[in-house]
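Accompanying notes for the structure given below.
The values are calculated or read from the model by the stated rules, or taken from the named source; none is laboratory data. Keep in mind it's a predicted model, so treat the numbers as computed, not measured. Glycine also receives a Cβ, built like all others from the backbone with ideal geometry; neighbour counts cover every protein chain displayed.
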2 protein chains.
Amino acid sequence: MTATRELRPIGHVRREGGIHLEIDEPYRPGLAKVELFEYAIVLWWVDGHDNEESRSIMQTELPYAPGVTAGVFACRSEYRPNPIGMTVCRIEKVEEELGLVWLSDIDAFEDSPVLDIKPYIPVVDRVRSPRVASWLDGWPDWMPAEGIGLYEE
Amino acid sequence: MTATRELRPIGHVRREGGIHLEIDEPYRPGLAKVELFEYAIVLWWVDGHDNEESRSIMQTELPYAPGVTAGVFACRSEYRPNPIGMTVCRIEKVEEELGLVWLSDIDAFEDSPVLDIKPYIPVVDRVRSPRVASWLDGWPDWMPAEGIGLYEE
């Protein structure tokens, strides 16, 4: 077994008063110039699935594709060995001093620990015409302008 | 301080004999159907920057933008509180039984721990016209077909 690595939450997802990230004080200087990007990739931790059972599931039925079972690395299920959520979010406003990053939306639950924020940069994040599994036929080709919301349970 | 969370590497980046991920045995069933996607988002750990000094840097000069200092959350620097690398990679082949995921390229060093693999799905990962900071003016609008290579040191 490879040694584990240590994640340090840098803040939390808050939904009250508008969807935002609340970044802890020591990390706030890292927000400088984030507002120059329209979109960010937010990495967060799925606390609700940080348990041995969820972390040992390797295949799952796809709720949106009846009859299809896929490996967890072929879907965005919250069951995975490292329950890292990754969401491309539209940034509405950044208040660096207060540590607040206001977002159009994020598919993360209240109080989810935030792990990282990365700017969305076309040359490394945007693929012109990616082939996908057939069960995604008919899904939109682009993220909706308002961003991605909380999954229905 | 929020409690830390535990990352478990699922394999490693290998560059010998072609760039690939070598996934450890317990996680290999998670690779089922990954080959139905042309691109994957690979999360990996930047071991070389997993130290107190690197993890406490909050702002950095941008090597590609002389005179610009930005927060680490406004760039893709390897200095960040949680040194998670994120690379959109083109998948060449998946050998599930052997735990091998062959990639066109990845900007990760030999032996970097792999944390997660997620399929690249347009509706959640592809933004039509993201505004970016002016220092990226003139950068390509799309990922090159061959994927992203190792950064020059």
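At-a-glance table
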| read-out | value |
| --- | --- |
| Residue match in region A:78-97 (condition: in a loop (DSSP other than H, G, I, E, B), farther than 29 Å from B:Ala32 by Cβ and in contact (Cβ under 8 Å) with a residue 12 or more places away in the chain) | yes |
| Residue within region A:130-139 that is crowded, with 18+ Cβ neighbours inside 10 Å, in a loop (DSSP other than H, G, I, E, B) and in contact with a Lys or Arg (Cβ under 8 Å, 6 or more places away or on another chain) present | yes |
| Complete set of residues in region B:113-146 that are more than 7 Å from chain A (Cβ to nearest Cβ) and over 18 Å from the mean Cα position of the chain (by Cα) | B:Ser129, B:Ser134, B:Trp135, B:Asp137, B:Gly138 |
| Region B:59-74, residues that are aromatic (Phe, Trp, Tyr) and at the interface with chain A (Cβ under 9 Å from one of its Cβ atoms) | B:Phe73 |
| For B:Met58: the one exception among (1) modelled with pLDDT under 95; (2) farther than 20 Å from B:Met143 by Cα | (1) |
| Residue match in region A:76-88 (condition: buried (at least 16 other Cβ atoms within 10 Å of the Cβ), more than 7 Å from chain B (Cβ to nearest Cβ) and farther than 22 Å from B:Pro119 by Cα) | no |
| Counted residues, region A:1-25 - those being farther than 25 Å from A:Arg80 by Cα and either of a type in the set (Gly, Ala, Ser) or within 8 Å of chain B (Cβ to nearest Cβ) (or both) | 3 |
